[in-house]
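Working notes, beginning with the structure itself.
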Amino acid sequence: QVQLVESGGGLVQPGGSLKLSCAASGIISRIATMSWYRQAPGKQRESVAIIFSNGSRNYISSVKGRFTISRDNAKNTVSLQMNSLKPEDTAVYYCNARGIGFNDWGQGTQVTVSS
């Protein structure tokens, strides 16, 4: 299994930026993909961004051009740089690590975009 700890959430005004980080520990070598998900009140959890072991990335359409996912293999971290934030980005953001035989989650970090 993999243990994940998120950090970097908070309150930001519309148009502002935040960077989320996720520190991974455990069987790092078996991680195939790392992702950021989010869940807004009353809504289902959705995948925001994913990065594969080969470095390729995918994003949900609503964040393309605004969010960037990156992975630092030396530090065992994955980050989500969020720019031009909108009120609809408000949610709890979760880090996810997936591989053969496991699908692990962090505890989540709150992001609130409001003036």
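The values are calculated or read from the model by the stated rules, or taken from the named source; none is laboratory data. Bear in mind that the values here come from a model prediction, so they are computed numbers and not experimental data. Note that we place each Cβ from the backbone using ideal geometry, even for glycine, and neighbour counts take in every protein chain shown. Accessible surface is based on the protein model in full, side chains and every heavy atom, while ligands, DNA and RNA are left aside. Shrake-Rupley method; radii C 1.70, N 1.55, O 1.52, S 1.80 Å.
Some points to look at:
- Cα gyration tensor shape of the range 75-115, rounded if a/c is under 1.5, else prolate or oblate by comparing a/b with b/c: prolate
- Note: relative contact order over the chain, using C-alpha pairs below 8 Å and six or more positions apart, is 38 percent.
- Annotation: lysines with alpha-carbon distance below 21 angstrom to Lys75 (same-chain offsets under eight excluded): Lys19.
- Accessible surface calculations at 1.4 Å, restricted to protein heavy atoms, place the range 33-115 at 52 Å² per residue.
- Reachable aspartates and glutamates from Lys43, criterion Cα separation under 18 angstrom, eight or more residues apart if same chain: Glu88, Asp89
- For the range 39-94, carbon and sulfur atoms together expose 46% of the accessible surface, with a 1.4 angstrom probe and every protein chain in place.
- Taking the chain as a Gaussian network of alpha-carbon nodes connected by springs under 10 Å, the highest mean-square fluctuation of the residues Ser29, Ser79, Ser17 belongs to Ser29.
- Total formal charge among the other residues, if their Cβ is under 10 angstrom from that of Asp89, Lys/Arg +1 and Asp/Glu -1: +2
- Sequence of Trp105, Trp36 from largest to smallest accessible area, 1.4 Å probe: Trp105, Trp36
- Given a 1.4 Å probe and the protein chains as shown, Ile50 ends up with an accessible area of around 40 Å².
- Cα-based shape type of the chain, given that a ≥ b ≥ c are square roots of the gyration tensor eigenvalues and the cut on a/c is 1.5: prolate
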